[in-house]
Ligand code: TA6
């Protein structure tokens, strides 16, 4: 039988994996380990918070007006957009950005790791609601490693006998000091479709800065992005694999007011979305019997 000393040395001290549910019945998983703390909503497989211990300010932004209601997306953290991005291609009554972020997910595994990180595996729960919108024999799982860096892998498995096409994004909201002082490096020379200009095609020159609404889909890029924030004297490094698109979004004041849950007191100024994705012309065909994985790794460094 393993001693407590062996268990602690194997799994590290200070591990906490705690489930709770709120008055709406939404289940939240709280993680504490020597490297970081995190909060994950089972609805949507939604990482809401990730706070590495070395970071003075949370890395992910979560709106103080976020609604924790069954069937509604939570504003902030890492919403999982799947199996389409933006409006449904043919049925505008369906949830924009797909249904994955507003339906129940289940825990497949939650394990303290020997390196003192915490590993989670979540899976979207099959249901009549899902089958009606997505009539394929398909599995969607999300593997999360919570530590000094945040690692996430979204895997789509086609268990059926016909191919299907998915659009997907990890629609991540990053916490910043102020949208007007940050810069995004890594997309220089990439082409992008500008949603604000009815998807007109442009080419990026130099780093991205912000002084108005920005809603751009950068295409055919596997680049790592770096979010430079002089106000917080940090940079957030956004690495990805299995992703050909990067969406960059700030709503700015008017759009934020229209959307309505983007934070009180100009909360939208303290966030920017950098979304590792496969969208628009980069959607993915998943052949029968195969899998596709989109992965990200978020880390921070001092400036
Ligand atoms: O990723 C940017 C975007 O497509 C914006 O156009 C805006 O719609 C945003 O996503 C938020 O979408 P949501 O459905 O979460 O309100």
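Among the residues of segment 17-25, is there at least one that is in a loop (DSSP other than H, G, I, E, B), modelled with pLDDT of 95 or more and surrounded by fewer than 16 Cβ atoms within 10 Å (Cβ to Cβ)? No, segment 17-25 contains no residue that is in a loop (DSSP other than H, G, I, E, B), modelled with pLDDT of 95 or more and surrounded by fewer than 16 Cβ atoms within 10 Å (Cβ to Cβ). On the basis of being within 16 Å of the ligand (Cβ to nearest atom) and within 18 Å of the chain's Cα centre (by Cα), does residue 105 make the cut? No: the conditions fail for residue 105. Examine segment 126-141 for a residue that is within 17 Å of residue 74 (Cα to Cα), more than 15 Å from the chain's Cα centre (by Cα) and within 16 Å of the ligand (Cβ to nearest atom), and state whether such a residue exists. No, every residue in segment 126-141 fails to be within 17 Å of residue 74 (Cα to Cα), more than 15 Å from the chain's Cα centre (by Cα) and within 16 Å of the ligand (Cβ to nearest atom).
For the residues 59, 80, the requirement of being modelled with pLDDT of 95 or more and either surrounded by fewer than 16 Cβ atoms within 10 Å (Cβ to Cβ) or within 12 Å of the ligand (Cβ to nearest atom) (or both) singles out 80.
Of all residues in segment 201-228 being touching a residue at least 60 places away in the same chain (Cβ under 8 Å) and closer than 26 Å to residue 258 by Cα, which is nearest to the chain's Cα centre (by Cα)? Please lay out each step first, then the result.
Quick first cut of segment 201-228, residues touching a residue at least 60 places away in the same chain (Cβ under 8 Å) only: 210, 217, 219-220, 228.
With the extra rule that they be closer than 26 Å to residue 258 by Cα, the set shrinks to 210, 217.
Details: 210: 21, 217: 16 Å.
Restricting to residues being touching a residue at least 60 places away in the same chain (Cβ under 8 Å) and closer than 26 Å to residue 258 by Cα, the top hit is 217.
For the residues 211, 223, the requirement of being at pLDDT 95 or above, closer than 27 Å to residue 35 by Cβ and more than 16 Å from the ligand (Cβ to nearest atom) singles out 223.
Exactly one residue among 86, 98 is surrounded by fewer than 21 Cβ atoms within 10 Å (Cβ to Cβ) and either closer than 20 Å to residue 171 by Cα or within 16 Å of the ligand (Cβ to nearest atom) (or both), and that residue is 86.
Tell me the residue from 159, 132 that is over 22 Å from residue 260 (Cβ atoms), free of Cβ contacts under 8 Å to residues at least 24 places away in the same chain and exposed (fewer than 14 other Cβ atoms within 10 Å of the Cβ), please.
Details: 159 fails: free of Cβ contacts under 8 Å to residues at least 24 places away in the same chain.
Sole residue among the options that is over 22 Å from residue 260 (Cβ atoms), free of Cβ contacts under 8 Å to residues at least 24 places away in the same chain and exposed (fewer than 14 other Cβ atoms within 10 Å of the Cβ): 132.
For segment 239-266, a residue qualifies if it is away from the ligand (no atom under 16 Å from the Cβ) and part of a strand (DSSP E or B), and the qualifying residues are 239, 241. Take residue 269 and tell me if it is within 16 Å of residue 214 (Cβ to Cβ) and either within 14 Å of the ligand (Cβ to nearest atom) or assigned to a loop (DSSP other than H, G, I, E, B) (or both). No. Taking the residues in segment 253-303 that are touching a strand residue (DSSP E or B) at 6+ places or on another chain (Cβ under 8 Å) and at positive phi as candidates, determine which candidate is surrounded by the fewest Cβ atoms within 10 Å (Cβ to Cβ). So the residue we want is 289.
The values are calculated or read from the model by the stated rules, or taken from the named source; none is laboratory data. These figures come from a predicted structure and were not determined experimentally. FYI the Cβ positions are ideal-geometry reconstructions off the backbone, even for glycines, and counts take in every protein chain you see.
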